[in-house]
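S.K.: So that we are looking at the same thing, I have put the structure below in structure tokens.
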Amino acid sequence: MSSSAYDLSLWEISRRALRSEKLKFSFDEKTKINIQKLSNLISDSAPSIIIEMNKDGYGKNNHIEIFNNEKRIGIIGLEEPNNIDCLWIPTDISTFWEDFENKILHLVEAGYPGCIGCGGPGSEEVWNENKYRIQIRENK
């Protein structure tokens, strides 16, 4: 069974987050996302994974940007960005955040990133953002 483009993108952004050293989430102040809860989930499940997590309240409404060491690795929101340098997930941010926490926890409990073959669907392939975006546009 093949996974949906949304599901594959969730696995990919979750793997990227867990391979990060310094994550920053940028979203508007009104957005109800608990970065500390995510950090605690990771620490409680795998104390050896150390990721510094921060947030800023300067982002756009209904939009999350995810950075690793100040390099943008993901954009969550309905507006497609012009650049292809980072992963784009066009969905509602509250839905995304719950799914993201679940994928992160699943990966951490499986031993990711220090394990072989536990990265979930698509982990053995190189991510192709162009191909993914074509799939997203076709499914609208």
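S.K.: Looking only at the stretch 75-127, filter to residues that are of a type in the set (D, E, K, R) and not in a loop (DSSP other than H, G, I, E, B); which one of those is modelled with the lowest pLDDT?
M.R.: Glu109
S.K.: On to the next question. Quick one: how many residues across the stretch 1-30 are farther than 27 Å from Asn128 by Cα and either surrounded by 13 or more Cβ atoms within 10 Å (Cβ to Cβ) or within 14 Å of the chain's Cα centre (by Cα) (or both)?
M.R.: 1
S.K.: Further question on the same structure: Could you list, in sequence order, the residues of the stretch 92-104 that are buried (at least 16 other Cβ atoms within 10 Å of the Cβ) and not basic (Lys, Arg)?
M.R.: Residues satisfying the conditions are Ile93, Phe96, Trp97, Asp99, Phe100, Glu101, Ile104.
S.K.: In addition: Of (1) more than 18 Å from Gly119 (Cα to Cα); (2) in contact (Cβ under 8 Å) with a residue 40 or more places away in the chain, Tyr58 satisfies all except one. Which?
M.R.: For Tyr58, the failing item is (2).
S.K.: Taking the stretch 28-48, which residues are part of a helix (DSSP H, G or I), of a type in the set (Val, Ile, Thr) and in contact (Cβ under 8 Å) with a residue 24 or more places away in the chain?
M.R.: Ile42
S.K.: In the stretch 128-140, how many residues are assigned to a helix (DSSP H, G or I) and in contact (Cβ under 8 Å) with a residue 40 or more places away in the chain?
M.R.: 6
S.K.: Which residue is nearest to Val108 (Cα to Cα), if the candidates are limited to the stretch 49-74 and must be in a loop (DSSP other than H, G, I, E, B) and among the β-branched types (Val, Ile, Thr)?
M.R.: The extreme case among them is Ile49.
S.K.: It is to be established whether one or more residues within the stretch 31-52 are within 16 Å of the chain's Cα centre (by Cα) and acidic (Asp, Glu).
M.R.: Yes, there is a match, as at least one residue in the stretch 31-52 is within 16 Å of the chain's Cα centre (by Cα) and acidic (Asp, Glu).
S.K.: A further question follows. Mind checking whether some residue in the stretch 50-73 is of a type in the set (S, T, N, Q), exposed (fewer than 12 other Cβ atoms within 10 Å of the Cβ) and farther than 18 Å from Lys22 by Cβ?
M.R.: Checking the stretch 50-73: at least one residue is of a type in the set (S, T, N, Q), exposed (fewer than 12 other Cβ atoms within 10 Å of the Cβ) and farther than 18 Å from Lys22 by Cβ.
S.K.: Test of understanding: among Asp56, Asp44, which residue is charged (D, E, K, R), touching a strand residue (DSSP E or B) at 6+ places or on another chain (Cβ under 7 Å) and at pLDDT below 90?
M.R.: Sole residue among the options that is charged (D, E, K, R), touching a strand residue (DSSP E or B) at 6+ places or on another chain (Cβ under 7 Å) and at pLDDT below 90: Asp56.
The values are calculated or read from the model by the stated rules, or taken from the named source; none is laboratory data. What you are looking at is a predicted structure, and each value in this text was computed from that prediction instead of being measured. All Cβ positions, even for glycine, are placed from backbone atoms using ideal geometry, and neighbour counts span all protein chains on display.
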